[in-house]
Every structure is written in C-alpha cells, then in structure tokens.
Amino acid sequence: MPVNLKAATKVYCSTFFNRINPSPCPLCGKSESGALCTDCLRLLARVTGPVCRCGLPHGDTPLPSPDSLPPLCGRCIRQPPAFSASQAPLQYGFPLDALITRYKHKGDLTVERAILPLLTETPLPWPDTDALCPLPVHWRRRWRRGFDQGARLANLMGDCWQRPVLPALVRQRHTPSQQGLTRHQRQRNLRQAFRCQHSVTGLRLILVDDVMTTGSSARAAAQCLLDQGAKDVRVWTLARTLPPSLA
C-alpha cells in the first residue's frame, strides 16, 4: 500500500507529542488535562432510550417488557439491514461535528485524547462479541489523511473492551465521498465496495466507525462479512446522525 510520508509523519509525531505534553480542552481551551472538560462534556448530546436496529431512537416510547426488542423503524421494515443491532453513545451535531471534522480532515489527534475518558466509560454493548472489525476507508483516503479513523477508533475500543481487533475488510473500490449524498445515492455508491481479506467464519463481530449517517456503509460492510460466514454482525459508532424530528 502506498504511504504518504508527509501525512503519516504528521500523524505519528502528533501521537507522540500528545502522549507526553498536556493539552487544553479542544473546545474551550481552559482545562489542561487533554480531555474534554466537564462543561464541554455536557454539550455532547447523548442517544437515549430504546433504539431501532439501525440505531435511531424511538423517543419516549416504552417497551412492552424489559426483555423485548424495540420495534423497527419504517426503513428497517422495508429494507432490513444485514447487521442485527447498532449503538452509538452520542448524537452527531454541534460541537461533536466540529471535533470529528478536525480529527478526520485535519489530522488533529488531540481529539482522541479528549474523548478517551468518555470511551473508557462506555460498556461493551454485546458481551458475546468475538472481535471488533474496523469499517475501512479506501487506501487513497488513508493516504491523503495519513490514518484510518475507523481503525484507530477500533483499537481504542478494543483496549477498553478487551476484545481483539480483526481488520477483516478492505474497501476495494474508491468511492466518492458519502457526505451530501442521498440514501439511494449512497447505496449505489457502495455496490461491491468491500472485500473480506480474513476468515470470519462463525465469528460474532462489531463493526466500528466514527459516525453512522444513513447506515449505507454499515449495511454493505455487514452483508460482506455475513456472506463470508460471520455468525452475527453488529455496529458501534461514536455518533449517530439523527433526523431533525429526533434530534
């Protein structure tokens, strides 16, 4: 795989200095712990209540019983996703969107340090999980950024949850950015985008990524893993984009 030495050097130097130097809260600049301060943490909206298989919350609708599964949303009834469940602790919106943009597009790895306390407090949602699988970017995008945010996030969560990370998927086709595309455009954009490079037969996997918007990438990746023999695939992302009616 080609290596962008300039981008990679920036990323790895940033990682090194972040570990040895205190840095301020990336949102307000006041705290020197490197993590988000208490006041800024309160600004991050959480995803609460029962959620559909695609991760969209059902609002305040109570479940019939504590052991029952939440009902499916309209889209999942019409087009059930290949993955069996998904979860995101945070809503994708201000100020988290600004942090993720700095992280992905500007290589600001202080964001990892800032959210680490939040990640360590996030329990493993499915204890029967065998391994975490990053939802990969294409090598061209990784070359441009110097890193793959899904892989880095999966490694962080693997340490938190004490589960191995299995980079089973490769994005074999370079697709245009999903940002700004409609759901149907995203689905067309992702046809045959993934290839499985490791055996996943009989494994219960969690796909890991930073943000789920429509879920099209997760659907395509989960289907690829199931086609190669995975027993079950679930999805965990740091944040979930919610429609205005639910935000």
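What to note about this one:
- Ranking PHE147, PHE94 from most to least accessible surface, computed with a 1.4 Å probe over the protein chains only, gives PHE94, PHE147.
- The simple spin-label model puts a point 7 Å past each Cα toward its Cβ; for ALA45 and HIS198 those points are separated by 3.6 nm.
- Inter-label distance, nm, simple model (7 Å from Cα along the C-beta direction), LEU119/ALA98: 2.2
- Probe 1.4 Å, all protein chains present, accessible-area order of SER86, SER33, largest first: SER33, SER86
- Just the protein heavy atoms count here, and of the accessible area of region 90-170 at 1.4 Å, carbon and sulfur take up 54 percent.
- Exposure ranking of LEU153, LEU43 by accessible area [1.4 Å probe, largest first]: LEU43, LEU153
- Label separation (GLN172 vs TRP143): 1.9 nm, computed from points 7 Å beyond Cα along the C-beta direction.
- Within the assembled protein chains, the solvent-accessible surface assigned to MET212 is about 10 Å², based on a 1.4 Å probe.
The values are calculated or read from the model by the stated rules, or taken from the named source; none is laboratory data. What you see is a predicted model; the values in this text were computed from it and never measured. Note that we place each Cβ from the backbone using ideal geometry, even for glycine, and neighbour counts take in every protein chain shown. The accessibility values were calculated without ligands, DNA or RNA, using every heavy atom of the protein model including side chains. Shrake-Rupley method; radii C 1.70, N 1.55, O 1.52, S 1.80 Å.
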